[in-house]
1. For A:Val205, are the conditions met, namely being at pLDDT 95 or above and among the β-branched types (Val, Ile, Thr)?
2. Yes or no: the stretch B:332-339 includes at least one residue that is more than 9 Å from chain A (Cβ to nearest Cβ) and either surrounded by fewer than 19 Cβ atoms within 10 Å (Cβ to Cβ) or in a loop (DSSP other than H, G, I, E, B) (or both).
3. Quickly run through the stretch A:419-429 and pick out the residues that are open to solvent by 20 Å² or more (accessible area, probe 1.4 Å), of a type outside the set (D, E, K, R) and more than 7 Å from chain B (Cβ to nearest Cβ).
4. Since A:Gly272 meets every condition but one in (1) out of contact with any helix residue (DSSP H, G or I) (no Cβ under 7 Å at 6 or more places or on another chain); (2) within 14 Å of chain B (Cβ to nearest Cβ), which condition does it not meet?
5. Mind listing whichever residues of the stretch A:397-411 are open to solvent by less than 20 Å² (accessible area, probe 1.4 Å) and facing chain B (nearest Cβ under 7 Å)?
6. Can you name every one of the helices (runs of 4 or more DSSP H) wholly within the stretch A:11-99 that holds 3 or more residues which are open to solvent by 60 Å² or more (accessible area, probe 1.4 Å)?
7. Checking A:Leu359 against (1) in contact with a Gly (Cβ under 8 Å, 6 or more places away or on another chain); (2) in the same structural domain as A:Ala455 (by TED's automatic domain parsing), only one condition comes out false. Which one?
8. Applying the selection to the stretch B:443-463, what residues are in a helix (DSSP H, G or I) and open to solvent by 10 Å² or more (accessible area, probe 1.4 Å)?
Protein chains: 2
Amino acid sequence: MVKSRGRERLVVIGGDAAGMSAASQARRLKGPGELEIVAFERGTFSSFSACGIPYWVGGDVTERDRLIARTPEEHRARDIDLRMRTEITEIDVAKGRVRARDVVSGDESWTPYDKLVIATGARPLRPPLPGVDAPGVHGVQTLDDGQALLDTLTATEGRRAVVVGAGYIGVEMAEALIRRGYEVTVVNRGQEPMATLDPDMGRLVHEAMEGMGIGMVNGAEVTEVLTGDDGRVRAVATADAEYPADVVVLGIGVRPETTLAERAGLPLGESGGLLTDLAMRVRGHGNIWAGGDCVEVLDLVSGRERHIPLGTHANKHGQIIGTNVGGGYATFPGVVGTAVSKVCELEIARTGLREKDALRAGLRFETVTIESTSRAGYYPGATPMTVKMLAERRTGRLLGVQIVGREGAGKRVDIAAVALTAGMTVERMTTLDLGYAPPFSPVWDPVLVAARKAAGAVRRGGA
Amino acid sequence: MVKSRGRERLVVIGGDAAGMSAASQARRLKGPGELEIVAFERGTFSSFSACGIPYWVGGDVTERDRLIARTPEEHRARDIDLRMRTEITEIDVAKGRVRARDVVSGDESWTPYDKLVIATGARPLRPPLPGVDAPGVHGVQTLDDGQALLDTLTATEGRRAVVVGAGYIGVEMAEALIRRGYEVTVVNRGQEPMATLDPDMGRLVHEAMEGMGIGMVNGAEVTEVLTGDDGRVRAVATADAEYPADVVVLGIGVRPETTLAERAGLPLGESGGLLTDLAMRVRGHGNIWAGGDCVEVLDLVSGRERHIPLGTHANKHGQIIGTNVGGGYATFPGVVGTAVSKVCELEIARTGLREKDALRAGLRFETVTIESTSRAGYYPGATPMTVKMLAERRTGRLLGVQIVGREGAGKRVDIAAVALTAGMTVERMTTLDLGYAPPFSPVWDPVLVAARKAAGAVRRGGA
């Protein structure tokens, strides 16, 4: 593949959120006469919402294609040469080229680039357990994974499901399988579900999930996937017990997919994610950008780099990379670690540091937990909500918030996310002018109640 | 009434949110041996939620007493000498005393104070129209007002209601009367309902209310309340038309109730509200505090003082005053002008400056409006939402946000409220780490979509 003269070529590795947002934004800023854009995607879908898979499996979303933001054809209609089922097998930084392999034919060829965007995403952890590849054991990272799981659910007579892992994907898949009529058991290595929360808040999730009829097994490591005579999964074994299963869903997290980048000698952080500057340029490489689930991002609260695979970050990265590639200027200042999820009616949210993050960062802090309600207590539909708040000693700076509640609880975390971004103190937060009316909030919003208590703790706090 | 030696006396005028929060907080910090607290309330209820009245009238709240946060007996049990049905008729600043009149007996007496809290609230506007005092015409500021209206609704056979005014109280009462089965017409002097929004956003409220079957008459001034042979209201007249009415609700706003303060020579602002320092002390008076609906507050966005009667501010003022009176230290930095409301399924929110506020403050700004949805587009229950955003030219500082949508729209204004408090730019807002999951938000939260568009307008903007 030879470049035509007089225009630059942008090569994008990865046809999902970060890569295709970057390509689209670059195209908005530079026409095909100035910039050629070639994108490579190993899989069969482009620009899909992986976050939506649990709701498709659960039946809330009825058509797979609703999860596709933009098809390959739509990208091509925008003068982006998107090549599907084409895997990049090598990045040759010295020569400025990538080697692509047609997944179907096996043909390989080199494509030179002037600018490169690495958006290779993350790969799901799949522990090397006996039986883990048996039919009936599913990951849920791609639309193909989702379809395979749905096919299993449709084909099997079974009614028992085991979900391995109790993070966001695990609890969302538990909901999906409950909605499909399954008896669901979640087997979780941690002390409580939702390890992104402190265990005391995870405990609330645990109790609520049990209240929904979901079996929660905590502190249990899966040792083997047991299969029946037909070779299909029949149970999941831990050191202590066996949990019968007609279907098993693996939701134990992901790692940055940076095999190519590592081989190319690009800089990786502790998690294995690519390290970039604020403009999302790979450090030390002026013409290579990276974004989405394959990079580490700066945590603005702890000052450390972290791997936080989330579609909302991937989209922002893509937008910023595309702007920079297209000759504009944009930066990604970092994250504060906000996440929100739900399990049936339960809403779970967090932002900033947990206690163990704050300790690891060497911070001293006060911790408070309060109970309040989503609406004025007298207003119909007011539901209880627990808010935990961490504030730094002496400075009173907000460090983190965790919320577990029902309708109206989750998105309240945004208040704390913005306050964290602004470096606000909990004392200042006590007088935040938040929206109040009885259908929306008690006269003191739950976040304000927590801030008042945290401010008191800081005032009384030690050195 | 003579003070006992050796302890101070705090006198509180007004037994509602600001006054009784102040009294309660002062009591928490100082016991009865140190501080005597005497509070005077003209009415028959203490510490009630005026904001809850529309939901009581509408039937969402079934018992009046649910709106009472704390009864006079509960206050007295906390060693607060709360005297109900007792009106203060004079503040004698020079001698440090107030004159109280028993509303029932008419007896008057002086009570000396060491410290005084003025929490006299606001009085509803009641235009001096012919017929405005006829039976069937109701205000909705106190629980007695609410009860009287409910009595009218129960007693009359009528099915037609006219609401005068289309601000928060007007639209909330329109919902309440619709829920009671009335045909409702809202007669509004302004160009569109919700004058706290710009007219283009008010237009969306207008259309939604008509869609709910509420008659909206805009740009119409009521000239007379017409009565029938029985002396009861029968219609509301404007210059152009008559609107038949079995019941009329006045919701045309309030003014600070500062008659006493004015006579005592205390400093008032343009709106007639008391002027205080950041510790809520009346300016120039070291031992007099004021809070709640009778004061002006600093608008942190425009830098001007404004009158914003809202229960959430009143509660904060009371808390701060009580802390200061009790020997602690707390300040109220000001407001950003956040408000949220709903009419049936419609949610309406605003914070910061409208276009006309920004013009009045001498600011140049960019204005953008975007459409988005409350959840990922593919997730069930995703509803459309319109977000308008104002940003200052050159600096890009966020100036204001208005939101009209359905479930999940209103409280998103808190994101902007915190950003305004922090003086954040719209460019910085584009990368805010807000909670994302398909049931909670599109991958770009609507507020982020607006921020991106606003940031683009600022970049392209003129001088």
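1. On the way: at pLDDT 95 or above: yes; among the β-branched types (Val, Ile, Thr): yes.
It is true that A:Val205 is at pLDDT 95 or above and among the β-branched types (Val, Ile, Thr).
2. Filtering the stretch B:332-339 down to residues more than 9 Å from chain A (Cβ to nearest Cβ) leaves none.
Scanning the stretch B:332-339, I find no residue that is more than 9 Å from chain A (Cβ to nearest Cβ) and either surrounded by fewer than 19 Cβ atoms within 10 Å (Cβ to Cβ) or in a loop (DSSP other than H, G, I, E, B) (or both), so the answer is no.
3. Going residue by residue through the stretch A:419-429, those that are open to solvent by 20 Å² or more (accessible area, probe 1.4 Å) are A:421-423, A:425, A:427-428.
Right, trim to of a type outside the set (D, E, K, R) and you get A:421-423, A:425.
If the condition is that a residue be open to solvent by 20 Å² or more (accessible area, probe 1.4 Å), of a type outside the set (D, E, K, R) and more than 7 Å from chain B (Cβ to nearest Cβ), then A:Gly423, A:Thr425 are the ones that fit.
4. With (1) out of contact with any helix residue (DSSP H, G or I) (no Cβ under 7 Å at 6 or more places or on another chain); (2) within 14 Å of chain B (Cβ to nearest Cβ) applied to A:Gly272, the lone miss is (2).
5. A:Gly410
6. Details: elements: A:17-29, A:53-58, A:72-77.
Once the helices (runs of 4 or more DSSP H) in the stretch A:11-99 are filtered for at least 3 residues that are open to solvent by 60 Å² or more (accessible area, probe 1.4 Å), what remains is A:72-77.
7. Just one mismatch for A:Leu359, condition (1).
8. Pass one, the stretch B:443-463, residues in a helix (DSSP H, G or I): B:446-460.
The answer is B:Val449, B:Arg452, B:Lys453, B:Ala457, B:Val458, B:Arg459, B:Arg460.
The values are calculated or read from the model by the stated rules, or taken from the named source; none is laboratory data. The structure displayed is predicted, hence computed values, not measured ones. Positions of Cβ are backbone-derived with ideal geometry, glycine not excepted, and every protein chain shown enters the neighbour counts. Each accessible area value is taken on the protein alone, full model and side chains, heavy atoms only, with ligands, DNA and RNA left out. Shrake-Rupley method; radii C 1.70, N 1.55, O 1.52, S 1.80 Å.
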